[in-house]
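Single-structure report; data block below.
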Amino acid sequence: MAHRSRLRSAWNRVDSGELHQAPRQWQSWLSDTGSLTQKIEQAIGQKLDVLVLRDCRQNVDSDESRYFHFKIKHCRIREVLLCANGIPLVMARSIIPTMSASGSNHEVLRLGKKPLGAVLFAKTRMHSHKKPLREIARLDKQSALWKKCLQLYPELPSASWARRTLYKLKGRPLLVSEVFLPALLNHRLD
C-alpha cells in the first residue's frame, strides 16, 4: 500500500518501471516520445483544436521549480485543452521561463491557438540528441497539478494519468505537463 500511496502524487521517470503501474490502455500514451499533438492527430485523422484556458505570467510552485534547479520564480504559464470536435482529450500546462522564450525562440510567445508541439518539434528547433527527461504520475485530489487543472476544467476525473517532459528549445528549458482525459481512450495510438 505504501507503494501505491507514493505513486498517487509522485512523479516517476518513465523508465523506472512505474509505467507498468498505469492501466494498460494509458501506457502507450504515457511512454510515447514524439509529439503528442501529432500522435493524436494521426489517431483521430484530423487536426486538434486548441482551447487556451490561461496564458499569463505567474509564479512557479516548488514542484515545478525543481526542474529548473529552483532558479526561476516567475515565468509564462500556458494552459490549454487539446480538443477533437469540441471534446477535450488532453489538458496541457506549459512552464516557459522568460529566458527560454527570448531571441530565436520568440515564436513561443506568439502561439495563439497553435499547439506548443508545433514549435517544439519543428526540425529546426530541437537540437538535442539527448532524450528529454520524461516522468509520469497518477494525479488525484492530493496532487497540486490536479488541483490546478480542476480549477480550469471542472470535468477532470478524480484520478488522471499525466506525463511531464522537460524539453530543450535551442538549449533552453521548457516544462510541459500533459493530463490525459478519458475521451482520449476512444482513440488508439499505433
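No value in this document is a laboratory result; all are computed from the given coordinates. Worth saying up front: this structure is predicted, and the values here are computed from it rather than measured. Here the Cβ positions follow ideal geometry from the backbone for every residue, glycine too, while neighbour counts run over all protein chains shown.
Odds and ends about this structure:
- Residues THR98 and LYS141, FRET efficiency given R0 of 25 Å [Cβ-Cβ distance, rounded to 0.05]: 0.20
- Subset of LYS39/LYS131; LYS113/LYS168; LYS113/LYS170 violating a 27 Å alpha-carbon distance limit: none
- Fraction of alpha-carbon pairs over 20 Å apart in region 14-114 - percent: 53
- Gained length - ALA118 relative to LEU152, 0.36 nm times residue gap less alpha-carbon distance: 9.9 nm
- Cut-off 20 Å, label 7 Å out along Cα→Cβ of ASP63, residues of region 152-190 by amide N: 152-167, 174-182
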